[in-house]
Structures are given as structure tokens and as C-alpha cells.
Amino acid sequence: MFKKIPLLAVSALLLASACSDQTTVYQDNLTDNVITESDAAVLQPSVSFEVSGVLDIYEDGATGNTGKGAADTAGNYPLSLVAQVSPPNNLLKASHVDVEGDFAYVSYNVVDEAYSGAIEIINISNPHDPRVTSRLIYSSADINALQYYNGHVYAVGGVDALISDTAPTNSFIAKIPVSGGVFSNLSGIIYGFQQGFTANDVFIHGDQVLVTSGKDGSLTVYRQQDLRLEEEFLYPDLRSISVKNEQIALLDAGQGVKILDKKYKIEREIGINTDFGEATKKTLKFHDDRIMVSEASKGTGVYSFNDGALLEYIPILVDPEGVNPGDQVTNAVDTNDGLLMMANGGAGLSLTEIENGDSKIVGVVELKGSINYVASKGDYIFAASGSEGLQIIKMNRPAETLVERCSGLSEYTGSDKFNVDTGETVAYSGAKRLNHIVNKGALLLCGSWSVRNNISIEADALMELNGMLIVARNNNRKNLTLKKGATLKIEGELILYGDLNLDEGATLEFLGDSSLVSIFGDVNINPGATVKGNFEDIRGKF
């Protein structure tokens, strides 16, 4: 939600012409009201592992309601919650996320009439231990969206121009220097201003920076190097921008989607009759030959890029506990390798597979909080979820090399209650969610696997893992137990939210030189048990 502050009469400093060679760049009291923090002792307590671990997915039922998976069937997408990052203070809410390299850049704003915002940089190079490396807080400006590019964060938002000494309008962009995950030079921040109540989206396009602003705002084009204003095009109510190659898509809440050419001229329009809500951010996303639009209570509208035809609506699924209908709104969409993610407010984060023109709803991810924004890149999903903060989710997709090594095995399609009987030998590949594993025979699992409850490898049984295994949650710990004479061989990763128990004569063996273990409970090794091989002990429990 963005503020609705009356627009100040445009100052003579702001260009009325879209092609003037003047500029509105400032280095003034906005920066005077900025505080930065890079002390790890101050920043790191905002990262919490309290509810980290295996995430379930509430799947779509035949009646359109959601149930917790089909009866006893192992589910796809073994997602795990890596960590949560609390906002810098109780007033701020996460508004946007951009991911580049080893860092995630998160913006924050407030929803009342005051102005305050922040930006945090989170190092995600170690998926087991994300760290906030730097924080910047604006005491007099909202930050609604951002993008990192070439040593700078380009942040857009709103400021109260009525009380600012130099801001001619409420809508602004800031170019903020960053070095090695740290805000490095406040005196080097430069600003630009454009028409509109507040800036709500930004995109670096070649040597230009494109900014959208909301009610009575504009699409503004800046020179990326120094934020020199190049062109400004007035629009009634822009909410978001998406760019693919030389095609630019704008979401105008009053009219629909506008497709622009590389000179920012409208090529065609996609009319959309949807109430997007007043002063709320909604996003759109290119995906192959389609455009995905977050359409509030309607869910996600899927349109043909070529002719603008409405292909389908992907509805909002409701968490089984229920939610106020007014809170069931699609605020943002993103895609990642054939998977559509929808930030549906109080209805949570939903997943839909999109392949060869067909869509198949997966379900709602087991997360708390109202999901206001979602971004995904690589193997991560970042969900901005109100008072719950930023939630970092790992998809745990098998690496391509692992897929090749597992290619000769059948994919597992059985029960989520995985039981192997005495004398039985089974081997499977897959990326699955399971309830528990009880192994009395010989079991080989290849791929990525999450298990909500205990794993028991019974006396003299053998279990081999080639890939990733994630067990339980930190607030609902379960155990992995090797009974007398049992053997567990691992080539890959074991993440256990609970205790690892090795009974007499049990053997835990790590193959290769790149295996790792992250155990949040205790390691209990009884006399006669053996641990061998090379591995990285993430939490120093051995």
C-alpha cells in the first residue's frame, strides 16, 4: 500500500518537457536524514532460524479448496525455509526484493501517513547462513522498489515534498553506492525527481534507468550514469514495469497493459477491466510469449504478448485455515524456470507450473504472514510477508549433474510414508516431500528430499543418499536414528532440525570431498559407532 499525498505544484526545477536537456539531481537533506549500519553484531540478530526447515504445500483439491496434499502421496517441490529476516523496526514492511550474485537487496516502507523507509543487503552466498551485511534507513522517505546494477542500488519511493527543502515532487529515485555488500559512500548518493504521488518501480535498461510513478505520474527515463533526466511521459496511474529485450510493458491501473517500443512509443495495448485497488502496488512479468499480471482479487491474468488475448485467470487458492476475503489479493507475480509464484496477501504464496502453454496449480506454501511481494532467482524464492518479515525459501532443485547421475533410476511416485521392509532393496530418484522414512532393508535415494518427521534406519539396514536430504523444522524437531549395525552413506547434503543418533555398531560414511552436514540438534554417537569420510560440519556438532 502506498500513500496518497496531494501532489505539490511542480517546481520550475522539474522539467515540464519530456525532451529537455536539464536535470533534477540533488545531493541534499534526503541524504542528511539517512543512517547506515554495517556492524554484524547489530545486524545479525534480525536473522532468525526459529521456524526454519521443511515447508509443506497445501495442494488444490477437486472441489477447489485446498487440502494438505493428496492422500498419502509424496508431493513435489521439497521446499525449505532457510531463514526469516525481521524488518529494521516494527513500523517498516518489506516492499521489494532484487537478487544479484551473492546478495539480496530488500526495500522497506511504511503504510501510514508518515514517511520512513530502509534498504538492507543480505549475503546469501552460504545458503545455510544468510547474513545481513549492511542497512540504510531513511527517516523521511519511503523505499518502494529497487534494483542493483554495477556497484549501485537504484531505489525509488516517496517523500513529502511539502516539507522538503528541495524536493519538487513526492516521487524520487536515488542512486546509492555499494561495495562488497556494504553501503559505501553516503556523500555519493544522487537523486532525481519525477511527477506522481510516489515512485513504485524501477528497471535498468542498458544505459538508461526507467522509473514508474503512481497516480498522476509518469514513466521517466534517466541516464544511468548520472541520473540526468532524458525523457518523461505522463500516465494516469502506473503501477509496475517489466522489460524483455527491447519490449517494455507498463501496468496502468486505469487501462491495462501498454507495450512500448525501444523509443517508448506505445505499440499496442491490452485492455484490462480489473479493480487494482487505490494506491496499491501490483506487478507484471514476461514469461515466454505471455504476460502475467497480478490482478488483485481475480488472481493472475495470463495474456498473449502477440495479440493481447486473455488466455486464462489463475485463481487465488485459500489456505485451509481460511482468510478474510478482503485479504485475498494477488499483489505480485514472478516466474522461475516454468514455475509461477503469486503473492496473494493473506491467502499466502501459491505455486503454479507453466509448461507448453498449460498451467497446473501446485498449491499454497506453508508460510505465515501476509505475502505482499515475491521474487525468485536461481534456487531461491524471497517472500515479503508483512510483520513476519522477509522469508528466504530454497527450492532445493537437483543440480544438473546430479540429475544425470540419477537418470537411470525410476522417479518415486509412492506414499509420503516411505517404508522399506526387511530384505527389500529399492532405489529411486526425485525431488519429493515425504512424511517419514522407516528403512529395514536397502534404500538408495537420489535427488532432493524433504521429510517432515523422523527417519529411522533400522538394525543392519542400509540407506544411501546422493543429493540433498532435509529433515523437520526448527520449531518441531525430529530425529534421524541409525539403529544397531545400520549404515548411512551420504554424497551431498544433510540438513537436520533435530538430533542425529548413532547406536552401537552404526556407521555414518561420507563419500567424495564436497559433502556437508548442518545439524540444529545434538549428535549422539554411542560406543562402537563410526563416522568416516570427509565432510563440512556447518554448525560444529561433531
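Tabulated values for the structure
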| quantity | calculated |
| --- | --- |
| Portion, in percent, of the accessible area of the stretch 347-427 that falls on carbon or sulfur, probe 1.4 Å | 46 |
| Relative contact order (%) - the chain, alpha-carbon pairs under 8 angstrom, separation at least six | 11 |
| Per residue solvent-accessible surface (Å²) - the stretch 248-369, probe of 1.4 Å | 40 |
| Dipole moment magnitude, nearest 20 debye, the chain about Cα centre, only Lys, Arg, Asp, Glu C-beta charged | 360 |
| Mean-position separation - Cα centroids, the stretch 143-168 and the stretch 277-328, in angstrom | 28 |
| Among 332-338, 512-518, 444-450, the order from most to least packed when residues are scored by Cβ within 10 Å on average | 444-450, 332-338, 512-518 |
| Rg/Rh (Cα only; Kirkwood hydrodynamic radius) as it applies to the stretch 399-542 | 0.93 |
| Quotient of C-alpha Rg and 2.2 N^0.38 Å, computed over the stretch 265-380 | 1.03 |
| Relative contact order (%) - the stretch 107-240, alpha-carbon pairs under 8 angstrom, separation at least six | 16 |
| Principal axis dimensions, the stretch 366-471 - Cα atoms, whole angstrom, descending | 51, 29, 20 |
| Separation of alpha-carbon centers, the stretch 67-141 and the stretch 180-240, rounded to whole Å | 23 |
| Per-residue [θ]222 nm for the chain (sum of -39500 (n - 2.57) over DSSP H runs n ≥ 4, rounded to 500) | -500 deg cm²/dmol |
| Full-extension gain in nm, residue 459 to residue 125, via 0.36 nm per residue minus C-alpha separation | 116.4 nm |
| Burial order of peptide ranges 87-94, 532-539 (average beta-carbon count within 10 Å, highest first) | 87-94, 532-539 |
| Phi-based couplings in Hz for the stretch 408-425 (Karplus 6.51, -1.76, 1.60; Gly and Pro marked x) | x, 9, 6, 6, 6, 10, x, 5, 6, 9, 8, 10, 10, 7, 4, x, 8, 10 |
| Kirkwood-based shape ratio for the chain, expressed as Rg/Rh from alpha carbons | 1.02 |
| With every protein chain in place, the stretch 182-289: carbon and sulfur % of accessible area (1.4 Å) | 42 |
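The values are calculated or read from the model by the stated rules, or taken from the named source; none is laboratory data. Remember, it's a predicted structure, so these values are computed and weren't measured experimentally. All Cβ positions, glycine included, derive from the backbone under ideal geometry; neighbour counts span all protein chains shown. Heavy atoms of the whole protein, side chains included, go into the accessibility calculation; ligands, DNA and RNA do not. Shrake-Rupley method; radii C 1.70, N 1.55, O 1.52, S 1.80 Å.
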